Amino acid sequence: MIGRTGPDRDRRFLLLYALAWAGGAIAYTPFLTILLPVRIELVGGGDSVQWLAVTTFCGAIMASAANIFFGWLSDRSGTRRPWVLAGLLLSGGLLMLVPRAHSLAALTALILAWQGALNMMLGPLAAWAADVVPDRHKGLLGGLLAFAPASGALTGALVTIPNLAGPTLRLGLVAAITTACVLPIILFGRARRVEDEPPPEQATPVPLLRAMATRMWFARLMIQVSEAALFAYLYVWLRGVDGGFGDAAIARLLAIVLLLAAPAALAAGYAADRRGRPVRPLRIAAVVAAIGLFAMALADDGVEATIGFLIFGLATNIFLALHSAQTLRVLPDSRSRGRDLGLFNLTNTVPSLVMPSLTIGLVPLLGFPALFAVMALLSLGAAALLRGLALGEQRSGR
């Protein structure tokens, strides 16, 4: 048992959980952004671009389905820990088989299996927080989750240091670091379930929770569409504004955004807990993201473009981290948290289906400013959806 008192146990669990969630980001960020494209290029040669697109698309579908399925299985079994451990071991083992895949078909099949195994870990891990983190710590949890993207990006930079490791050892390093981050919560993660705490004075009716969950789902989807579109076309847009931007400068800009967003989200989440206003940081972040997008739409040079992107990037990273934690408040049924969070996870994959058609329809005719204006309206729409959403100190799953 970690900790002798409730507060100590809560804090230690939060830290272990944040470490495990960072491990999840480390498991997929370096692989999907760097190591997999390199491997596909090595195996596929001239067909690498098409196969990367196919693998990414099919992988996103597999990840979505597996996240829902294994979240549901962990609901049915009544425990999360064995699923997290099995997913950790299986995904790490499949990752080490990547160098043995010598055809594009074999590599694609392996990636689909890896996505399934990874979400065997991630789905139940997300529901684990819903089981044990009380509402009074949801903002702090969201702030801690913001360190995960930066951890994934830094690990990618680490394993790709020239002459540090070959292709196989790079995958081994990713698997080892992931295990080191996730294993502590499997071994030492002890916390009292939310249901075992004294009930709130006034529970939220289930129909109201479902309505709130729907609004939270669409608000996140709107932000994620904007974030996914910009992530995919940031390089092209920045080069169009200022031809002096190189890949190294853009990589540094992305790293700065992630590193600044983590402490900012932590401060915002802590303040939300102290003041009992969990939705306010989300609405502010959505509005600030729209301001950043309008600034980008009007940018005429590299400095203005950089400032606009910094505003947008910081706001969206803060929004997404805090939203992930505050979503736990509105899950309508404690018996199906894993399944419901899997459905929320669709907001991370559906944008990859929406974004290409949105971009192709706007950019060739009206340019990137029109795309950014539409994205800004989506961000404002997310803020509007969250207006009047009084989560208060209510506890979900009742």
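The values are calculated or read from the model by the stated rules, or taken from the named source; none is laboratory data. If you're wondering where the values come from, they're calculated on a predicted model, not measured in any experiment. Heads up, the Cβs are rebuilt from the backbone with ideal geometry, glycines too, and the neighbour counts pull from every protein chain shown.
Are there any pairs, at least 6 apart or on different chains, whose C-beta atoms fall under 6 Å, with the first in the range 163-186 and under 13 Å from residue 84 (Cα atoms) and the second surrounded by fewer than 18 Cβ atoms within 10 Å (Cβ to Cβ) and not hydrophobic (A, V, I, L, M, F, W, C), and if so, which?
186/81
Is it true that some residue in the range 41-51 is of a type outside the set (A, V, I, L, M, F, W, C) and either within 18 Å of the chain's Cα centre (by Cα) or buried (at least 22 other Cβ atoms within 10 Å of the Cβ) (or both)?
Going residue by residue through the range 41-51, those that are of a type outside the set (A, V, I, L, M, F, W, C) are 41, 44-48, 50.
After this cut, where a residue has to be either within 18 Å of the chain's Cα centre (by Cα) or buried (at least 22 other Cβ atoms within 10 Å of the Cβ) (or both) as well, the list is none.
No, every residue in the range 41-51 fails to be of a type outside the set (A, V, I, L, M, F, W, C) and either within 18 Å of the chain's Cα centre (by Cα) or buried (at least 22 other Cβ atoms within 10 Å of the Cβ) (or both).
Output the residue which, of all residues in the range 357-376 that are outside any loop (DSSP other than H, G, I, E, B) and loosely packed, with under 15 Cβ neighbours inside 10 Å, is modelled with the highest pLDDT. Before the answer, list the steps.
Restricting attention to the range 357-376, the residues satisfying the condition of being outside any loop (DSSP other than H, G, I, E, B) are 357-366, 368-376.
Next, from what is left, pick out any that are loosely packed, with under 15 Cβ neighbours inside 10 Å: 357, 360-361, 364-366, 370.
Working: 357: 73, 360: 76, 361: 79, 364: 82, 365: 83, 366: 86, 370: 91.
Step by step, filter the range 357-376, then rank; the result is 370.
Please work out if residue 59 is modelled with pLDDT under 95, within 22 Å of the chain's Cα centre (by Cα), among the small types (Gly, Ala, Ser) and more than 24 Å from residue 213 (Cα to Cα). Break it down stepwise before answering.
Details: modelled with pLDDT under 95: yes; within 22 Å of the chain's Cα centre (by Cα): yes; among the small types (Gly, Ala, Ser): yes; more than 24 Å from residue 213 (Cα to Cα): yes.
Judged against the criteria, residue 59 is a match.
Do any residues in the range 298-310 that are closer than 16 Å to residue 288 by Cβ have Cβ atoms under 7 Å from those of residues that are β-branched (Val, Ile, Thr), where the two are at least six apart or on different chains, and which pairs are they?
310/257
Matching residues to (1) surrounded by 13 or more Cβ atoms within 10 Å (Cβ to Cβ); (2) of a type in the set (Phe, Trp, Tyr); (3) modelled with pLDDT under 90; (4) not assigned by TED's automatic domain parsing to the domain that holds residue 257:
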| residue | (1), (2), (3), (4) |
| --- | --- |
| 149 | yes, no, no, yes |
| 152 | yes, no, no, yes |
| 159 | yes, no, yes, yes |
| 179 | yes, no, no, yes |
| 186 | yes, no, no, yes |
| 201 | no, no, yes, yes |
| 219 | yes, no, no, no |
| 226 | yes, no, yes, no |
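Looking at the range 371-385, is at least one residue in the same structural domain as residue 228 (by TED's automatic domain parsing), polar (S, T, N, Q) and more than 30 Å from residue 54 (Cα to Cα)?
Within the range 371-385 (the criterion being in the same structural domain as residue 228 (by TED's automatic domain parsing), polar (S, T, N, Q) and more than 30 Å from residue 54 (Cα to Cα)), the answer is no, since none of the residues qualifies.
Restricting to the range 267-314, name every residue that is buried (at least 16 other Cβ atoms within 10 Å of the Cβ), more than 21 Å from residue 256 (Cβ to Cβ) and either touching a Pro at 6+ places or on another chain (Cβ under 9 Å) or acidic (Asp, Glu) (or both).
Result: 272, 273, 297.
Using beta carbons and a limit of 8 Å, which pairs, at least six apart or on different chains, have the first residue in the range 95-117 and closer than 16 Å to residue 41 by Cβ and assigned to a helix (DSSP H, G or I) and the second one of a type in the set (D, E, K, R) and modelled with pLDDT under 90?
From residues that are closer than 16 Å to residue 41 by Cβ and assigned to a helix (DSSP H, G or I), the pairs are 98/39; 99/39; 104/47; 107/39.
Give me the residue from the range 293-314 that is of a type in the set (D, E, K, R) and not in a helix (DSSP H, G or I) and, out of that set, farthest from residue 242 (Cα to Cα). Step through it out loud before you land on a result.
Keep residues of the range 293-314 that are of a type in the set (D, E, K, R), which gives 300-301, 304.
Subset that is not in a helix (DSSP H, G or I): 300-301.
On the way: 300: 9, 301: 6 Å.
Looking at residues that are of a type in the set (D, E, K, R) and not in a helix (DSSP H, G or I), I get 300.
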